[in-house]
Amino acid sequence: MDLEVRPLAAADLDGADRVLRAAFTAFHGVDVLADTDLLRSRFRARHTAVLCAGPSGAPVASIVATRWGSVGLLGPLSVEPRLWGRGIASSLLAAAVELLDGWGATHQGLFTFANSPRHHALYQRFGFWPRFLTALMSSAVTGSEPRFGRRLSAVDAGRNALVEGCVEITEAIRAGLDVRGEIDAVLDLGLGDVVLVGGTAPDGFAICQTGPGTEAGSGIAYVKFAAVRPGPGAGATFAALVDACRGYAAQVGAHRLTLGVNTARHQAYRRLVAAGMRTDMAGVTMHRPNAPGYDTPDTYILDDWR
């Protein structure tokens, strides 16, 4: 189909959300999005862009592009199910990849279904290649978990310095990796909080969302991104950060903690398994170019590219 690809407008949000939910339900056979909201929070954030195709106010497809400094991510991509197979996804992908290239994203990636060769073939046409699985994991929260760490929202003086400390952590892992936009979004849009562990300068941080209307949903505390300063003791700091996330989940009244980890980050994945986290779903990440990025065995990062 010959549809104009354009930036999503505020008037398009309801239509794009309906298409997203219809597409995911058609693929999975059940509603997996519940009261989460993947589009509105990203549309309002400063480090993302949303493209769509279709008439004003009634888009039939959309895709989100996210900028983490030198790392660029795509997704979710959704197309009205009755229009699948008509080239709309390809048109959106072409525009979105051009956008990431224009941002100077030297490493690009996306998350897709591990059991869908059709999706793999689509993304491979644009230079994305499948690598390791990402495990989407969770554990129950009892409400009695100890509360470790600090919440960035509770810090008045010195908040900017703490954010710069978080940037130093990601920069030490991969040059140019910068999730400042995620930190700003979670605080400015009221999506959750940032949990910090360490001394005056953070040794680790976790960007968490919670509640309906976020990417978490009711009763869930969701770790959108977390990282630990590399070096000796990183494993112990990672364990402390996961405990702090459990404490945060208990504090906000969540009954479950959810997160994602790429299994190429072997030490992080093993520690999560040992800590009682269990995999609810696994997908595959696809990279452009076909390179590890920051997916190395001793990297302690949690993220979810959906």
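The values are calculated or read from the model by the stated rules, or taken from the named source; none is laboratory data. These numbers come from a predicted model, not from an experiment. Heads up, the Cβs are rebuilt from the backbone with ideal geometry, glycines too, and the neighbour counts pull from every protein chain shown. Ligands, DNA and RNA are stripped out before the accessible areas are found, and what is left, the full protein with its side chains, is counted by its heavy atoms. Shrake-Rupley method; radii C 1.70, N 1.55, O 1.52, S 1.80 Å.
Summed over the residues of the chain and divided among them, the accessible surface reaches 41 Å² per residue at a probe radius of 1.4 Å. For segment 152-289, DSSP calls about 85 percent of its internal beta bridges antiparallel. Helical content alone sets the calculated 222 nm signal of the chain at -10000 deg cm²/dmol, taking -39,500 (n - 2.57) per DSSP H segment of four or more residues and averaging over every residue. In this simple spin-label model, placing a label point 7 Å from the Cα along the Cα-to-Cβ direction at both R46 and A58 gives a separation of 3.7 nm. Heavy-atom surface analysis with a 1.4 Å probe gives segment 18-129 a carbon and sulfur content of 55 percent of its accessible area. What the Cβ-Cβ distance of V30 and R6 gives, at R0 = 35 Å and to the nearest 0.05, is a FRET efficiency of 0.65. Spatially, segment 254-302 and segment 102-177 are offset by 10 Å when compared through their Cα centroids.
Whole-Hz Karplus values for segment 141-146 come out as 10, 8, x, 9, 5, x Hz, taken residue by residue from phi with 6.51 cos²θ - 1.76 cosθ + 1.60 and θ = phi - 60°; glycine and proline positions read x. Using the Karplus relation 6.51 cos²θ - 1.76 cosθ + 1.60 with θ = phi - 60°, the per-residue 3J(HN,Hα) values for segment 118-132 come to 5, 5, 4, 5, 4, 5, 5, 5, 10, x, 8, 10, x, 10, 8 Hz, with x marking Gly and Pro. Summing charges over neighbours of S138, with a neighbour being any other residue whose Cβ is under 12 Å away from its Cβ, gives +1 when K and R count +1 and D and E count -1. Note on D14 and D280: with the Förster distance fixed at 30 Å, the Cβ-Cβ geometry gives a FRET efficiency of about 0.55.
Computed packing ranks the peptides 205-211, 240-246 as 205-211, 240-246, most packed first, by mean other Cβ atoms within 10 Å. Under the simplified labelling scheme, the F113-N160 pair shows an inter-label distance of 4.7 nm, with each label point 7 Å from Cα along Cα→Cβ. Ordering H107, A172, S138 by Cα displacement along the dipole of segment 81-182 toward the positive end leaves S138 in first place; charges were set at the Cβ atoms of Lys, Arg (+1) and Asp, Glu (-1).
Most simply put, the chain has about 90% antiparallel DSSP beta bridges, counting only bridges with both residues inside it.
Taking amide hydrogens as placed 1.01 Å from N in the peptide plane, the amide H of V141 sits under 5 Å from those of R256, L257, each at least 5 positions away in sequence or on another chain. Here's how it looks for S218: its modeled amide H is under 5 Å from those of D35, which are all 5 or more places away or on a different chain. Relative to the first principal axis of the alpha-carbon coordinates of the chain, what is the inclination of helix 234-251, with its axis defined by its Cα atoms, in degrees from 0 to 90 and to the nearest 10? So the inclination is approximately 80 degrees. Can you give the net charge of the other residues whose Cβ lies under 15 Å from the Cβ of N262, counting K and R as +1 and D and E as -1? Net charge in that neighbourhood comes out at +3.
Close amide H partners of W68, meaning residues 5 or more places away or on another chain with modelled amide H under 5 Å apart, are L73.
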